[in-house]
Amino acid sequence: MTDFLKSFAGSRAGMIGAIMLLALILMALFADLLYPGNPWRMAGAPNLPPLSPGYLFGTDQLGRDLAAGIVHGARMSLIIGFVSTVVSLVVGVIVGAVSGYFSGWIDDMLMRLTEFFQTIPSFMLAIVLVAIFSPSLGSIVSAIAIVSWPPVARLVRAEFLSLRSRDFVKAARISGSSHFNIIFHQILPNAFSPVIVMASLMVAAAILIESGLSFLGLGDRNFITWGFMIGAGRTMIRHAWWLSAIPGFAIFTTVLALNLFGQGLSDVLNPRLSRRVRA
């Protein structure tokens, strides 16, 4: 772990992303302390510009504090991003591991299923799923997980196809280890490095999908989100541009932090690939 941290500290992009991501996580954790109360409530006069007295980012057309929405929206964006990524990783890793390990007709069946989901535009499928099951936190997380697992499955399958013929796997088979033990204790730990890098990028993609759903009015109205704030402010874009620009910049900053963090992980976990890309 110490060597990993030292290597990660040597990645400038990774450290910048980690610092930005840590700041976002702390903001989300302490949202109730920074801006106590309901962020939906009317806090002042409508359409106050940024840096107004008592309102860092101003207020929207209903007098809601924009800064409170940004802080509380960070919590929802990160929760949805991380939870949906974990769910999609579990599904994708299991499908890819079983497909790559057993090969044959099992591989064909699982890959055809994976290709079926990949032929449908992910955002369109997410819209349909959320619309069918009604917008809620659970349906949004489930929809994002459903459209996100196929790339993980294909990546894990490729790693398993490469590793299953290695000597340590043959030795495990000869010693009588079960398929479960070989898959999850022998091969998977050696195939997990690229999956970890992909996971950081998947969180960013999940946040973008959730923002798009909320922008279209398919978010959970029990929770304020950045996408909803952009959608609510678009009607005032000519007169109060900050209503959409500020939450849009929050999304941009979060996605940038996750991508930089993922680049840092790639530099540490796949140093040869990173050097080749730079060259």
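Computed quantities for the displayed model
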| item | result |
| --- | --- |
| Positions within the stretch 211-254 being farther than 17 Å from G58 by Cα, in a loop (DSSP other than H, G, I, E, B) and aliphatic (A, V, I, L, M), in sequence order | L216, L218 |
| Cross-chain or 6+ apart pairs with Cβ under 8 Å, the stretch 131-149 first and assigned to a helix (DSSP H, G or I), then among the charged types (D, E, K, R) | L137/D220; I140/E210; I140/D220; I144/E210 |
| The one condition in (1) touching a residue at least 60 places away in the same chain (Cβ under 8 Å); (2) closer than 30 Å to A199 by Cβ that L22 fails to fulfil | (1) |
| G96 vs. criteria under 29 Å from M198 (Cβ atoms), more than 24 Å from the chain's Cα centre (by Cα) and small (G, A, S) | no |
| Qualifying residue in the stretch 150-161 (condition: in contact with a Gly (Cβ under 8 Å, 6 or more places away or on another chain), part of a loop (DSSP other than H, G, I, E, B) and of a type in the set (V, I, T)) | no |
| Qualifying positions in the stretch 44-98 - among the polar types (S, T, N, Q), farther than 24 Å from L208 by Cβ and in contact (Cβ under 8 Å) with a residue 12 or more places away in the chain | N47, T59, Q61 |
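Okay, residues lined up against (1) crowded, with 21+ Cβ neighbours inside 10 Å; (2) hydrophobic (A, V, I, L, M, F, W, C); (3) over 18 Å from L24 (Cβ atoms); (4) in contact with a strand residue (DSSP E or B) (Cβ under 7 Å, 6 or more places away or on another chain):
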| position | (1), (2), (3), (4) |
| --- | --- |
| I187 | yes, yes, yes, no |
| S193 | no, no, yes, no |
| L208 | no, yes, no, no |
| S214 | yes, no, no, no |
| F223 | no, yes, no, no |
| I230 | yes, yes, no, no |
| G233 | yes, no, yes, no |
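Any read-out appearing in this document is the output of simple, stated calculations on the displayed coordinates, not a laboratory observation. Because the structure is a prediction, the values reported are computed rather than measured. For neighbour counting, all protein chains shown are included, and Cβ atoms are generated from backbone atoms with ideal geometry for every residue, glycine included.
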